[in-house]
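Structure record follows, encoded as structure tokens.
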Amino acid sequence: MLHGYGGHVLRVDLTSGRIVREKSDPRYLIKAIGGRGLNSWRLYDELKKDVDPLSPDNILLIGVGPLTGSLLSASAYTTISAKSPMTAILGDSAAGGFFGPQLKQAGYDQVVITGKAEKPSYLFIADDHAEIRSASHLWGLDIVEATTTIRRKLGDNAVQIAAIGPAGENLVKFATVACNNSRMFGRSGMGCVFGSKNLKAVAVRGSTPVSMADPLRFLELCREMDRRIFEHKELSNRHAMGSTLLMKALNDMGLLPTNHFQKGICDYIDRISGQTLAKKYKVKNKSCFNCNIHCSRYYMTGEVESEGPEYETLCSYTSRIGNDDLVFALKMNAHLNRMGIDSLSSGETIGWAMECVQQGLLTKDDFDGLDFTWGNAETIETLVRLITYREGIGNAFAEGTLSLARRFGRGTEKYAFHVKGLDMICGDPRGMKGFGLTYAIASRGGDHLRAEPFFELTGRYDEAERRWGIREIADQLSNEGKAILVEHTERQALLTDCMTMCKNIGLSMDVLDFELASKLLTAGTGLDFNVEQVNKSLRGIIDADRKMNIDFGIDASTDTLPYRFVHEPLEEGPCKCQVVPIEKLVKEYYQLRGWDGQGRPADYVESSQKKNLRKGDKSGGRNP
Amino acid sequence: MIVVDPQKCSGCLRCEVNCSFFHTGSVGRSRARVKVVKIEPIGIDYPVICRQCAERYCARCPESAIQIGPEGQIIISPTLCVSCGTCQTLCPIGAIELYDGIPYVCDLCGGHPRCVEQCNMGAIRYEPRAAEPVSLKGLRAARRKLSPEEKRVRFAIDSTNYLRDQWVSARRS
């Protein structure tokens, strides 16, 4: 018997209505581990690479890992993957909450959704029963309304739901999927893929408990993990503020994106910091499944109440766009969550527009009269509504910053801060070189979570020396050894995504190492996940992502950063005069990965040479 | 008995997870004897667990399979129980529920409740000698026809109305 894993893959074709429940193949699981890895291999093996992301042929995957929903702390995550409509390369997004553990208890490792439903539909899964139901009554509802309506109708408040809002329905390219109302699958437009398939939601209820191969050993290992968490020096700050603690922390480093990365220090930080949020608006802690940090927060203002926000949302709707009004940002957080819009990508479109107006490249007339002066709340609110329903100028904004800038031209492309079409996160890479490299090489585009090299911000010089023999790795301004760090943390990040655990804990707090993970996986599943095997699997997934992305059309020239971060030094603060020597870092990274000068894995080069020899052979079928 | 402080509860389910694991070696809501109700649109999380009520509705078991232990906990005889579900129907708050024919209800883990041990929010406490038994009279008739999950939701809302009022007066005045 397979322990840990759900043991099944559910295949749903929305066009024909055909639903098949397959057994998971243990050999495949060893290679893919679970979660993001499982999704990546499935796309690699089964997706036609030239498919239009919005066509019925795109494959939408919901994956969980072998330890999801187990005794392991923060084993809460789920990954949704597909070809991204925003970037036309690999797209995926993970979220915590309670959806994944419930999917596991229903007996699944993965849900594979293809086709397009004729009418708005939602997928209902209850253990081995699955059916496609009408969602006509849900279409147009926001995420909270839709979730509540489904629960009422089923008479079961414990059913877990991943749903889209109006933005997903209207195919906004950066639409999100949400579970538990406010745990967002935010990046790369997975909500848009839901919408393109006429899929409003997936609702799941499971009743089979998750068993472990060696429960006592597993318990022992979980307690070791808990001990590492409870002894961690960041524990109390993370408990009090969650990721919003970064507002002040990054501002102190001079790296808090302010007025669209023109500055790294924000004058009004005290009005928008995580501390202020906790003191004035938080009412209690919230948490994902089985977490002992409880980093999320429930808040109330005069106008709204909601969960969150996380750092990226808070920064995207305050300093990044020049807004000093915290209450307004909290209102927008609640609103974006309901509508199903990614705060980062929408925030970047706003920041881009504001900078283009400031630079004199565009004016009010270009935006149907909307006034994009820094922090203009009225404009921001109006624009988000226009984006949600793709009305007026919102239709162009709903395509994402890259497409928006290309449409306007006139030099505005220089201010579209994206990598491979995905908008950059809120961390100025000029003062944290490992992060800079991460954004450039991340397989879903401009994002930190692929490798989050948080280590470089923790000042642990001795630990850097012990692990890699290079002290400078612990210096955020140094370029030395940063490729080594990123190669390492990229595997660590993937590991947490595969298991599936929270990356704030596994990675940023650096409590999950390969040894402990290998022991947890082995005790949990009964399969032989020794350290070598785990690393082999992780490297295999990273290479598969890369090969897939090359087929999608990326090459070495897209492994870079926007102009500002390479050529315009920061003007003040502790990171003054810094830029990212991105070419050098990327080159070092390729070497460590065993990729050639064009960033191609060796076996990809070989197989494409063979393919060229066999002209006319169009099978292209790759088997696992 | 076990006492709940919903202000401190983050809704993480560690009580549920550890309850299920320590009783059965596996993790799942259906095998947990404490179940957290999450009412997401209003930010409420509430672990529902046997209140050791004054009325002891479940002990009216037609097969006499339910006894009250020395700590006030419910003891179910696996040999006498015929899985009829009467206890589940009678409990007004959904604290006892059948899974695979077995009624799951808090047994206080022999005096060392694992849920309390693992709750690092301090949202659930164990008080061996609670002064007055709680009365659930009045709830039963109105809720007889509801499922255990629905009964838990109603109970959670009733038990946290005061908390919402506190939040509103603190943040909105």
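No lab work stands behind these numbers, since they all come straight from the coordinates. All values derive from a computational prediction rather than experimental measurement. Virtual Cβ from ideal backbone geometry, glycine too; neighbours counted across all protein chains shown.
Table for the structure above
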{"item": "Square roots of five times the Cα gyration tensor eigenvalues for the range A:388-471, Å", "result": "36, 12, 9"}
{"item": "Phi to ³J(HN,Hα) by Karplus 6.51 cos²θ - 1.76 cosθ + 1.60 over the range B:98-109, Hz, x for Gly, Pro", "result": "8, 9, 6, x, 10, x, 9, 8, 4, 10, 6, 6"}
{"item": "Rough spin-label spacing in nm, given labels placed 7 Å along Cα→Cβ, for A:Ser607 and B:Ala54", "result": "7.2"}
{"item": "Rounded to whole Hz, the Karplus (6.51, -1.76, 1.60) HN-Hα couplings of the range A:83-92, x for glycine and proline", "result": "5, 6, x, 7, 10, 6, 10, 3, x, 7"}
{"item": "Least to most buried among A:Glu378, A:Glu413, A:Glu480 (fewest other Cβ within 10 Å first)", "result": "A:Glu378, A:Glu480, A:Glu413"}
{"item": "The range A:144-264 pair-distance distribution - Cα-Cα, 10 Å bins, rounded %", "result": "11, 21, 25, 30, 12, 1"}
{"item": "Links that overshoot a 23 Å alpha carbon limit, given the list A:Lys48/A:Lys587; A:Lys331/B:Lys151; A:Lys153/B:Lys35; A:Lys519/A:Lys547; A:Lys173/A:Lys482", "result": "A:Lys48/A:Lys587; A:Lys331/B:Lys151; A:Lys519/A:Lys547; A:Lys173/A:Lys482"}
{"item": "Solvent-free Debye scattering, log10 I(q)/I(0), computed from the Cα coordinates of the range A:236-423 at q = 0.17 Å⁻¹", "result": "-1.07"}
{"item": "Expected-Rg normalisation [2.2 N^0.38 Å, Cα atoms] applied to the range B:121-173", "result": "1.50"}
{"item": "Gain upon complete extension [A:Glu224, A:Gln359; 0.36 nm per residue less C-alpha separation]", "result": "43.2 nm"}
{"item": "Per-residue [θ]222 nm for the protein assembly as shown (sum of -39500 (n - 2.57) over DSSP H runs n ≥ 4, rounded to 500)", "result": "-11000 deg cm²/dmol"}
{"item": "Length released on extending from A:Lys536 to A:Arg410, taking residue separation times 0.36 nm less the Cα-Cα span", "result": "40.7 nm"}
{"item": "Neighbourhood charge, 13 Å Cβ-Cβ cut-off, centred on A:Ala474 and excluding it, Lys, Arg +1 and Asp, Glu -1", "result": "-2"}
{"item": "Against the rule of thumb 2.2 N^0.38 Å, how large the Cα Rg of the range B:63-163 comes out", "result": "1.16"}
{"item": "Mean shadow area of the range A:81-158, taken as a quarter of the surface of its Cα convex hull (nm²)", "result": "6.4"}
{"item": "Fewest-first sequence of B:Cys58, B:Cys12 by Cβ atoms within 10 Å of each Cβ", "result": "B:Cys58, B:Cys12"}
{"item": "Length added when fully stretched, A:Arg467-A:Leu216, from 0.36 nm per residue minus Cα-Cα", "result": "87.3 nm"}
{"item": "Space enclosed by the convex hull of the alpha-carbon atoms of the range A:361-427, per residue, Å³", "result": "101"}
{"item": "Partners for B:Lys137 among aspartates and glutamates (Cα-Cα distance below 17 Å; same-chain residues under 8 apart left out)", "result": "B:Glu55, B:Asp158"}
{"item": "Spin-label pair A:Glu231/A:Asp52, simplified geometry with 7 Å Cα→Cβ offset, distance in nm", "result": "5.7"}
{"item": "The protein assembly as shown, dipole about Cα centre (Lys/Arg Cβ +1, Asp/Glu Cβ -1), debye to the nearest 20", "result": "1760"}
{"item": "Sites B:Arg164 and B:Ala142 - FRET efficiency at Förster radius 25 Å, r taken between beta-carbons, to 0.05", "result": "0.75"}
{"item": "The range B:10-59 - Debye-derived log10 I(q)/I(0), Cα point model, q = 0.14, 0.23, 0.27 Å⁻¹", "result": "-0.42, -0.84, -0.94"}
{"item": "Sorted largest first, extent of the protein assembly as shown alpha carbons per principal axis (Å)", "result": "81, 65, 59"}
{"item": "Residue-wise HN-Hα coupling along the range A:171-183, computed from phi with Karplus coefficients 6.51, -1.76, 1.60 (Hz; x: Gly, Pro)", "result": "6, 5, 5, 10, 6, 9, 10, 10, 10, 6, 6, 9, 8"}
{"item": "Under the span-like rule (Cα at least 30 Å along the axis, Kyte-Doolittle mean at least -0.5), DSSP H helices of chain A", "result": "A:531-552"}
{"item": "Inter-chain Cβ neighbour average for residues B:116-122, partner chain, 10 Å", "result": "3"}
{"item": "Rg(Cα)/(2.2 N^0.38 Å) for the range A:8-205, N = residue count", "result": "0.91"}
{"item": "Residues with amide H under 5 Å from that of A:Lys286, placed H, sequence gap 5 or more", "result": "A:Ser296, A:Arg297, A:Tyr298"}
{"item": "Relative exposure of A:Cys192, B:Cys91, B:Cys61, B:Cys119, judged by other C-beta atoms within 10 Å (fewest first)", "result": "B:Cys61, B:Cys119, B:Cys91, A:Cys192"}
{"item": "Chain B - convex hull of the alpha-carbon atoms, volume per residue in Å³", "result": "125"}
{"item": "Estimated inter-spin distance, A:Lys23 and A:Ser136, nm [label 7 Å along Cα→Cβ]", "result": "4.1"}
